[in-house]
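One structure is given below, encoded as structure tokens.
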Amino acid sequence: MDRFDAALLDRLQNDLPLVERPYAALAEALESDEDRVLDRVRALRGQGIIRQVSAIFDTRRLGYKSMLVAARTPAERQDEAAAVFSGHPGVTHNYLREHDYNIWFTIAVAPNSRLGLDRTVELLGELSAVDQIRPMPALRFFKIGVDLDMKGDRDPAAKSVRQGPTKPTPAPEEITPRDIDAIRALQADLADVAEPFGRVAEAHGFTVAELLEQGHEFLRTGQMRRFAAVLAHRKAGFSQNGMGVWKVPEERMEEVGRHMASFRGVSHCYQRPVYPDWPYNLFSMTHGRDRAECEAVLSAISDETGLTDYSVLYSTKEYKKTRLAYFTPEYDRWEAAHEPLLAVK
């Protein structure tokens, strides 16, 4: 990957301006021209490095419930079990990791789910016949947002701060049908053409100006985190993702969580529950071109916090990775297909 592609991806994964000609605005920031940016975006899509360009919404602020889940199953059944998990429309990330708890996935359910999140996870455990399934809900959020060092010039211990909402977030029940139309439009994969919002705006009953204004309003309220690209980590050169898991005294959780989240090399940071067979209560996700890059971030965190009781679970296989699609019929279809099991327990 040359320097221009690296710089383009570095910006595109963080923010594509919500304007009528977004690729022209990106080109201006890169001191280039729109045609060159569009050519490279198309090429990087063709190589599978760019998965999607669209809105990144905040699941909780839209009324969806989500969590991380860990499952333990024998190696000879792990692919079969993972396929069951991936079959749920709310499962967006599903990985094999180096641990007795070998399958880790994230799942969300819609606000109108008849099963609810806990029963859905329980049902998936039954359908997959895993030995153990452990819900790992976020008890406290400290950070979410992947920011890969595409240019390779960052200090792994460098700190970063993202702009937060500037307006109160409406309650999920206040989301209107018009809001839902805009969410459906903005979550669609953006075309790599000069004026990409025209067709999707028209398809959902908006002018381009109306759709863009609604997008900016979602940013102001925090319902949208940003409008940006999702990159295929491995194809982008980041072959390792390490889930750091830490034992943190409860009285230090707020301090350590906020400090850990300030590391630019940490993409996600949450407090999660412990179990008799799982003692780790703080999670930090890192991505690196090799394990040494991930270890450098973890080592810097350990040095600065004084925490030494931690482990890192590297992913060895990606079963599924996609963006969550909101307000779509797939959730109802999945639950309807499992209707005979709804009354169980």
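The values are calculated or read from the model by the stated rules, or taken from the named source; none is laboratory data. Small disclaimer: the values here were computed from a predicted structure and weren't measured. Ideal geometry is used to build each Cβ from the backbone, glycine not excepted, and the neighbour counts take in all protein chains shown. Accessible surface is based on the protein model in full, side chains and every heavy atom, while ligands, DNA and RNA are left aside. Shrake-Rupley method; radii C 1.70, N 1.55, O 1.52, S 1.80 Å.
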Hey, any hits in segment 106-123 for a residue that's part of a helix (DSSP H, G or I), of a type in the set (Asp, Glu) and touching a residue at least 60 places away in the same chain (Cβ under 8 Å)?
-> yes
Counting only residues in segment 18-39 that are part of a loop (DSSP other than H, G, I, E, B) and touching a residue at least 24 places away in the same chain (Cβ under 8 Å), the one nearest to the chain's Cα centre (by Cα) is identified as Leu18
Can you tell which of Glu195, Glu210 is in a helix (DSSP H, G or I), acidic (Asp, Glu) and open to solvent by 50 Å² or more (accessible area, probe 1.4 Å)?
-> Glu210
Looking only at segment 332-344, decide whether some residue is in contact (Cβ under 8 Å) with a residue 40 or more places away in the chain, over 17 Å from Phe263 (Cβ atoms), open to solvent by 40 Å² or more (accessible area, probe 1.4 Å) and touching a Lys or Arg at 6+ places or on another chain (Cβ under 7 Å).
-> yes
Quick one: Gly63 ticks every box in (1) open to solvent by less than 20 Å² (accessible area, probe 1.4 Å); (2) modelled with pLDDT under 95; (3) not acidic (Asp, Glu) except a single one, so which number is it?
-> (2)
Within segment 258-267, which residues are within 24 Å of Tyr101 (Cα to Cα) and either modelled with pLDDT of 95 or more or open to solvent by 50 Å² or more (accessible area, probe 1.4 Å) (or both)?
-> none
Which numbered condition Ser311 fails, given (1) among the hydroxyl-bearing types (Ser, Thr, Tyr); (2) assigned to a strand (DSSP E or B); (3) loosely packed, with under 14 Cβ neighbours inside 10 Å; (4) more than 19 Å from the chain's Cα centre (by Cα) | (3)
Pairs only if they're at least six apart or on different chains, beta carbon under 6 angstrom, first in segment 287-300 and at negative phi, second open to solvent by less than 50 Å² (accessible area, probe 1.4 Å) and part of a helix (DSSP H, G or I); list them, first residue then second.
-> Gly288/Cys294
Out of Arg3, Arg42, Arg51, Arg36, sole residue that is crowded, with 17+ Cβ neighbours inside 10 Å and either in contact with a Ser or Thr (Cβ under 8 Å, 6 or more places away or on another chain) or of a type in the set (Lys, Arg) (or both) = Arg51
What number of residues in segment 107-127 are surrounded by fewer than 21 Cβ atoms within 10 Å (Cβ to Cβ) and under 21 Å from Asp277 (Cα atoms)?
-> 3
Are any residues in segment 81-106 touching a Leu at 6+ places or on another chain (Cβ under 7 Å), open to solvent by 20 Å² or more (accessible area, probe 1.4 Å) and closer than 25 Å to Leu231 by Cβ, and if so, which ones?
-> Glu98, Thr106
Mind counting the residues in segment 1-16 that are in contact with a strand residue (DSSP E or B) (Cβ under 8 Å, 6 or more places away or on another chain) and assigned to a loop (DSSP other than H, G, I, E, B)?
-> 4
Of the residues Leu298, Leu324, which single one is surrounded by 14 or more Cβ atoms within 10 Å (Cβ to Cβ) and in a loop (DSSP other than H, G, I, E, B)?
-> Leu324
All positions within segment 177-192 that are farther than 18 Å from Gly63 by Cβ, assigned to a helix (DSSP H, G or I) and in contact with a strand residue (DSSP E or B) (Cβ under 6 Å, 6 or more places away or on another chain) = none
Candidates Gly244, Gly288, filtered to the one that is more than 28 Å from Gln187 (Cα to Cα), surrounded by 14 or more Cβ atoms within 10 Å (Cβ to Cβ) and under 23 Å from the mean Cα position of the chain (by Cα) = Gly244
